[in-house]
Amino acid sequence: MFLRTKVQIAKKRLTPLYISSLSVVALLSMTGQFLIQRQLTQQQHQLHVIGEAESQLIMNQQLSKAALALHFAPNQQQQQRNRSELETLVNHWAAPSQFLAEAMTAAVSGNDAAELQTLFVELEATFEAMMALGKQMLAIAPDTIGEGTSAEQSNLITQMLVEEETFTQGMKQIIQRYEQRLMESIYQLKLIEGSLFALTLLILLLEGCLIFRPAINQLNATLEQLASEQEKSERLLLNMLPEPIADRLKVEPQSIADSFSDVTVLFADIVGFTELSHRLPPEALVAMLNGVFSRLDDLTVRHGLEKIKTIGDAYMVVAGLPNPRPDHAVAIANMALEIQAEIKKISAEVGYPLDMRIGIHSGPVVAGVIGIKKFVYDIWGDTVNVASRMESHGKAGKIQVTEATQRYLQEHFSLEERGIITVKGKGDMKTFWLGDRVSFTAPDYKTVTLT
């Protein structure tokens, strides 16, 4: 009877404690869910703003390029095509007012909001100026455009390039601001997760041995939730940076910049994409691009390469960084050949012709995450520029490589000498067409599931 009474008393004492501890844990869980969801919502908004700003940048650059192409069109037929492209851009580039208004909905300080508002007003004015200049260019008589001698034309082009630079700098400031906020939001999310973990652990320890089992169940549930959110944060960071760079950035928040003496860069571009974008509805066009780039992402991971970015309909990938590898040129060449095979499969699947122009060059680059606001891994240097020229000076369905890359590949692939071509900024260069493999050791492919 005495023991039973003691047990009953103990139960009466422990039950309120147990209920209280569970209530505190539940409150922490709900609070954590609210804070985490708010952070994730902010991150989604920031990513949306960054994506819209990059779209505005692309339209801005395309407008200037179209005006230049019209100005220097070599013949009437090309002139008409360039005029049509410029007219399409002028008519379809929507004013950035709505995007700029959405960007202001993010939580910002009073001073920051005022600075952004001033910047947005300047960008809107620059947009209007670009539109006006484009319409003036179109208003010039067709028989005078393309001669490259009209002072009026030259003046319009000069003004448009000045406005393009102003617009580009403004948009880059917006991108940098919101990328900084994105990284701050990720950091805050980690702090929330760490605080929730520490508080939950303290409460469970205070519960004592008599209620350990139910407490540990609650801990497990909380840990699973925290692990899931941690995984989301890690995936978000790894979507922006290579894993080794992300790991370094966590412990070294300062700017990261590395020099690599020997890498190989590949640019691949969809041939006739502008014409295709006019024929396909937006949903079909985006679905096609997503399908192509997803398949290229799969090849990139299988070959152990590093995707740098996509630029419109162009795809950029590099071998030899952030982890150096001696077979960087061979790895890129293998991927280039598989890209050609994959594009043929995609073309058969979608039911209309698709082809890619590919350019490759090897040499030194600088890579890293520069500054404290623009958290994007990128590479710079003459090697990148030459690789881009190899693609733009190439032909549909062909893989053009430089003499520097040819030296790495000559024992493994058949190569056809194209001859000397004139490359902007480089002068005359000897280039080659990449052919089939003549000797090949299959890479250690691994099964990849893209998310």
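The values are calculated or read from the model by the stated rules, or taken from the named source; none is laboratory data. All values derive from a computational prediction rather than experimental measurement. Ideal geometry is used to build each Cβ from the backbone, glycine not excepted, and the neighbour counts take in all protein chains shown. Accessible surface areas use protein heavy atoms only, side chains included; no ligands, DNA or RNA. Shrake-Rupley method; radii C 1.70, N 1.55, O 1.52, S 1.80 Å.
Taking only pairs six or more apart or across chains, which ones have beta-carbon atoms under 9 Å, a first residue in the range 53-75 that is within 14 Å of LEU123 (Cα to Cα), and a second residue that is open to solvent by 70 Å² or more (accessible area, probe 1.4 Å) and at pLDDT below 75?
Sorted first by the residue in the range 53-75, then by its partner, the pairs are MET59/HIS92.
Identify all residues within the range 403-423 that are closer than 20 Å to PRO326 by Cβ and part of a strand (DSSP E or B); write none if there are none.
Hits for the range 403-423 are PHE413, LEU415.
Any idea how many residues of the range 256-302 are of a type outside the set (A, V, I, L, M), over 14 Å from LEU354 (Cα atoms), out of contact with any strand residue (DSSP E or B) (no Cβ under 8 Å at 6 or more places or on another chain) and open to solvent by less than 60 Å² (accessible area, probe 1.4 Å)?
The qualifying residues number 2.
Can you list the strands (runs of 3 or more DSSP E) found entirely within the range 303-380 that contain at least 3 residues being open to solvent by less than 20 Å² (accessible area, probe 1.4 Å)?
It comes to 314-319, 356-369.
Could you check, for the range 172-192, whether at least one of its residues is under 25 Å from MET30 (Cα atoms), in contact (Cβ under 8 Å) with a residue 40 or more places away in the chain and of a type in the set (Asp, Glu)?
No, the range 172-192 contains no residue that is under 25 Å from MET30 (Cα atoms), in contact (Cβ under 8 Å) with a residue 40 or more places away in the chain and of a type in the set (Asp, Glu).
For the range 131-153, enumerate the residues that are open to solvent by 30 Å² or more (accessible area, probe 1.4 Å) and either modelled with pLDDT of 70 or more or in a helix (DSSP H, G or I) (or both).
Residues satisfying the conditions are ALA132, LYS135, GLN136, LEU138, ALA139, ALA151, GLU152.
Looking at the range 422-436, can you tell me whether even one residue there is under 22 Å from ASP298 (Cβ atoms) and open to solvent by less than 10 Å² (accessible area, probe 1.4 Å)?
no
Take the residues in the range 78-130 that are touching a Gly at 6+ places or on another chain (Cβ under 8 Å) and under 23 Å from GLN42 (Cβ atoms); name whichever of them is modelled with the highest pLDDT.
Only one residue tops the list, namely LEU123.
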